[in-house]
Amino acid sequence: MRISVQLSAIVIVAMSMISAPAAFAGGYTSTKYPIVLVHGFMGFNEISGVDYFYRIPDNLKVGGASVYVVKLSALNSNEERGEQLVNQVEEIIALSGASKVNLIAHSQGGLAARYASSVTPGSIASVTTIGTPNEATGFPLGEWVGQAHPPGSAQGNLIAAVVTALAQLVDSYSGMPYQPQDYAAFLSSMSVASLNRFNADHPQALPASYCQQGDHSVGGIRYYSWSGAKVVTNLFDLSDYALAIASGVTGTDSDGLVTRCGSHLGLVIRDNYSMNHLDEINHLFGFYGLFSTSPVVTYRTHANRLKNSGL
């Protein structure tokens with residue numbers, strides 16, 4: 001009986017951590033420029049009413065923010081996805097009448113955001129990367145997969161076929177079935193050599209030395225970053241177990257996929273939130289650690305930071 005009561009209490013506590021929109025003071029997130037949320041690898045805008053940034057757009061809108069969620073290829077190179085983002089930013093500016101946007105991007109989406117700020121700086125007010133491998137060694141798993149199962153090998157071809165089919169399915173169900181998918185381009189772009197080339201082409205706000213901060217403002221654009229540094233945060237979240245396996249390659253000083261220091265860009269708000277790679281976007285379905293900062297609150301606080309900076 002005691003075990004049953006304890007288990008029930010744990011379930012209630014866990015369910016209480018599922019984020020829901022709430023009534024916040026009006027204007028708290030009302031930034032000058034629209035906020036554009038950019039998803040990462042295998043990402044989407046929303047599928048069957050489920051946001052990639054789970055419940056985050058609505059929570060930002062409640063406080064007065066104008067929010068757009070873009071849809072890039074689920075599977076492609078940083079440059080290709082960056083070009084897609086540039087085109088969609090232009091559409092958002094035309095639609096909203098704003099002169100610039102604030103890009104808030106997760107994982108590989110941060111590299112697309114950096115690309116956009118580099119090639120069209122006049123359209124970008126700020127770039128915020130979340131759990132993004134900004135430093136070339138920030139995504140050890142990509143390097144390991146490329147070496148252990150390279151495209152062209154039997155296992156590499158099987159992985160490519162499965163991942164590509166999943167990417168096509170994700171894009172189809174998110175209403176974007178014609179986005180180009182390229183597993184080989186993705187895998188190559190996430191290698192250390194390719195990330196070094198990317199950083200040489202788009203160096204804005206990168207730290208001058210490992211694990212330090214970068215310039216906060218470059219060419220009139222503000223740069224920010226944050227990330228988690230804990231892999232298993234909620235035993236009720238099944239995705240934690242997959243990230244625990246991935247951390248066998250990535251290491252424990254990471255969010256499960258991206259290393260803590262490898263995520264640094266511009267002003268580092270924090271690199272050790274008690275979050276893993278999916279907690280950073282409030283997934284799966286709003287479960288996060290019992291004593292962790294709410295992911296939704298993190299986004300709202302940052303929107304307020306942008307607002308108070310005149311962005």
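The values are calculated or read from the model by the stated rules, or taken from the named source; none is laboratory data. The structure presented is a predicted model; accordingly, all values stated were derived computationally and were not measured. Neighbour counts run over all protein chains shown; Cβ positions are idealised from the backbone, glycine included. Just so you know, the surface numbers come from the protein's heavy atoms only, side chains and all, with ligands and any DNA or RNA stripped out. Shrake-Rupley method; radii C 1.70, N 1.55, O 1.52, S 1.80 Å.
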Given (1) aliphatic (A, V, I, L, M); (2) part of a loop (DSSP other than H, G, I, E, B); (3) farther than 19 Å from Y54 by Cα, index of the condition M275 fails: (3)
Residue within the range 182-205 that is touching a His at 6+ places or on another chain (Cβ under 6 Å) and at pLDDT 95 or above present: no
Residue that is nearest to F291 (Cα to Cα) [pool: residues in the range 220-231 that are open to solvent by less than 10 Å² (accessible area, probe 1.4 Å) and out of contact with any Ser or Thr (no Cβ under 6 Å at 6 or more places or on another chain)]: G228
Residue list for the range 193-224, filter: of a type in the set (S, T, N, Q) and more than 30 Å from Q147 (Cα to Cα): Q213, S217
Listing of helices (runs of 4 or more DSSP H) fully contained in the range 130-230 that carry 3 or more residues being of a type in the set (S, T, Y): 154-173, 183-189
Every residue from the range 283-311 that is open to solvent by 50 Å² or more (accessible area, probe 1.4 Å) and either in a strand (DSSP E or B) or not charged (D, E, K, R) (or both): L284, F285, L290, F291, T293, V297, T301, N308
Residue that is modelled with the highest pLDDT [pool: residues in the range 25-53 that are exposed (fewer than 15 other Cβ atoms within 10 Å of the Cβ) and not polar (S, T, N, Q)]: G27
Given (1) modelled with pLDDT under 95; (2) open to solvent by 30 Å² or more (accessible area, probe 1.4 Å), index of the condition N234 fails: (2)
Selection count where residues are touching a residue at least 60 places away in the same chain (Cβ under 8 Å), over 30 Å from V162 (Cα atoms) and surrounded by fewer than 24 Cβ atoms within 10 Å (Cβ to Cβ), scope the range 72-118: 5
Hits in the range 261-282 (condition: surrounded by fewer than 24 Cβ atoms within 10 Å (Cβ to Cβ), within 19 Å of P140 (Cα to Cα) and either out of contact with any Cys (no Cβ under 8 Å at 6 or more places or on another chain) or among the aromatic types (F, W, Y) (or both)): N272
Breaking point among (1) modelled with pLDDT under 90; (2) crowded, with 18+ Cβ neighbours inside 10 Å, for W144: (2)
Some residue of the range 8-15 being closer than 21 Å to G131 by Cβ, surrounded by fewer than 16 Cβ atoms within 10 Å (Cβ to Cβ) and either at pLDDT below 50 or of a type in the set (K, R) (or both): no
